[in-house]
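Beneath this line is the structure, given in structure tokens, with notes to follow.
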Amino acid sequence: MRKIAILGSTGSIGTQAIDVALRHSDRFEVTALVAHSSSEKLFEQVRLVHPKIAALTIEPKEIPEDIKNSCQWMFGSNVLLDVVRACDADDVLVSVVGVVGLAAVMETLKCGKRVLLANKEPLVAGGELVTALSREKNLPLLPVDSEHSAIFQCLQGAQGNAPERLILTASGGPFRTWQKEDIYLARKEQALKHPNWVMGRKITIDSASMMNKALEVIEARWLFDMPAEKIDVLIHPQSVIHSMVEFADGAVMAQLGTPDMRLPILYAMSWPQRLETGGKRLDFETMNALTFEKPDMDRFPGLRLAYDALKAGGTMSAVLNGANEVAVDAFLHDRIRFGQIAQLVEETMLSIPVIASPTLEQVFECDLAARAKANELLSSSRFAV
Ligand code: NDP
Ligand code: MG
């Protein structure tokens, strides 16, 4: 029986994690649930899984009578760290969105608990520090992001042979076939319609701009200790191959499956065992074709920025991430055009000096500096819609 805490339980990943945990209730006990403000949804989850701790950053007006005394309730802006410290979990699924998860990932490792990592922004901003601490504590970082889970699964069969190249697949998002000018002017409803996956709003916008793949290149750089030049991105619109690994002899191993996050979530929870997810199986007989395309960095400049950030090193990826969080929020609030997201990120990256091998405090400072700069640029006339 493994005890699991879910940070971000009311989100897309969090709800699917509860689904697979309940499916295998003989193996997993959900011991803590944390969300931001979705109190009604959290109340339902508390009734369903009976955690020992339930927490929200924003305290609700009241807690329903039936669950008031069923668990310990925690509230406040520091609740992610408070729950990580207080809970009796073996594993902490970090599935909040944004760099806010970085401190929680570090604290989980410090407490000697395993991290199941969906939240990619912490590795983008502080990958060097997170991976160093995971090595120091001898605790694996179990990837939940489907591409990284795929690579992790391929490496299980590698018998210690180091990969020569990682190939991250990408669906290409809703604008894969669009002209550059049309992408620039894309509307919110169009960007929020992902062809293959149903996800939270931030990652859905990131997928449309291909900034999601940029974040994933940086995530892969740290998770698998691979230099940027050995990490390629390949457009694969069907989202059947979730990523691939190439070896010295030219052999390529891939992980395939239907686009269903319950598989990578459950694999991180049950690794190295495989358990039933309740998802659909691949049907090769009705599959028409698996196709591949080279990504277009001109139409999707966000992807290029990942390689620029890794080349610059140090805090540049934290700057990319902080600026992107501001840009996505601005787009979702109709303050900028879709095509301005990458522009805002790039201009911010060009104006914040890099600190090599930063401390955690310096990473947070650079994140704040990037947000301040991006907000300053946003209020300039060039970024008016
Ligand atoms: P959602 O927006 O659906 O969910 C985010 C969750 O985090 C919600 O439970 C939200 O609570 C909670 N949350 C947000 N901020 C805080 C905070 N400050 N303190 C506590 N809880 C907080 O996101 P997704 O589930 O789509 O994504 C989560 C992470 O996983 C992201 O980093 C994303 O990139 C990554 N990921 C997601 C995939 C997917 O398929 N969705 C695939 C691969 C990676 P509330 O509901 O109260 O706001
Ligand atoms: Mg992914």
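Readers should treat all values here as calculations from the given coordinates under stated rules, not as data from a laboratory. All figures in this text were calculated on a predicted structure; none of them were measured in a lab. Using ideal geometry, Cβ is built from the backbone for each residue, glycine included, and neighbour counts are taken over all protein chains shown.
Observations on the model:
- Furthest towards positive pole of dipole, Ser39, Ala17, Ile355, structure part the chain, Cβ charges: Ser39
- Filtered trypsin sites (Lys or Arg not before Pro), the range 177-272: DSSP coil and at most 14 other beta carbons within 10 Å: Arg187, Lys193
- Orientation-averaged projection of the range 290-385 equals 7.4 nm² [convex hull of Cα atoms, one quarter of hull surface area].
- Extents of the chain, largest first, come to 56, 51, 41 Å (Cα atoms, principal axes, whole angstrom).
- Mean sequence separation of contacting Cα pairs (under 8 Å, at least six apart), scaled by the length of the chain, corresponds to a relative contact order of 15 percent.
- Its Cα gyration tensor gives the range 226-385 an equivalent ellipsoid; the semi-axes, largest first and in whole Å, are 35, 20, 17.
- Normalised by residue number, the volume inside the convex hull of the Cα atoms of the range 238-286 is 109 Å³ per residue.
- Rounded FRET efficiency, nearest 0.05, which uses the C-beta distance separating Lys188 from Ala372 and R0 of 30 Å: 0.75
- Local net charge near Thr177, Cβ-Cβ under 15 Å (Lys/Arg +1, Asp/Glu -1): 0
- Computed Kirkwood radius, in angstrom, where 1/r is averaged over Cα pairs of the range 49-132: 13.7
- Fewest-first ranking of Met297, Met316, Met1, using other Cβ atoms within 10 Å as the exposure measure: Met1, Met297, Met316
- For the chain, a simple Cβ point-charge model (Lys and Arg +1, Asp and Glu -1, everything else neutral) yields a dipole of about 240 debye relative to the Cα centre.
- Per principal axis, descending, Cα span of the range 1-143 in whole Å: 45, 33, 25
- Based on the convex hull around the alpha carbon atoms, the range 155-241 presents an average projected area of 6.6 nm².
- Base-10 log of normalised Debye intensity for the range 129-188 (one unit scatterer per alpha-carbon) at q = 0.19, 0.23, 0.24, 0.29 Å⁻¹: -0.85, -1.03, -1.07, -1.22
- Using a cutoff of 8 angstrom between alpha carbon atoms and counting only pairs six or more residues apart, the relative contact order for the range 1-145 works out to 21 percent.
- Projected-area mean, the range 207-308, by convex hull of Cα positions, square nanometres: 8.2
- With N the number of residues in the range 1-84, Rg(Cα) / (2.2 N^0.38 Å) evaluates to 0.99.
- Full-extension gain in nm, Ser381 to Ala251, via 0.36 nm per residue minus C-alpha separation: 41.6 nm
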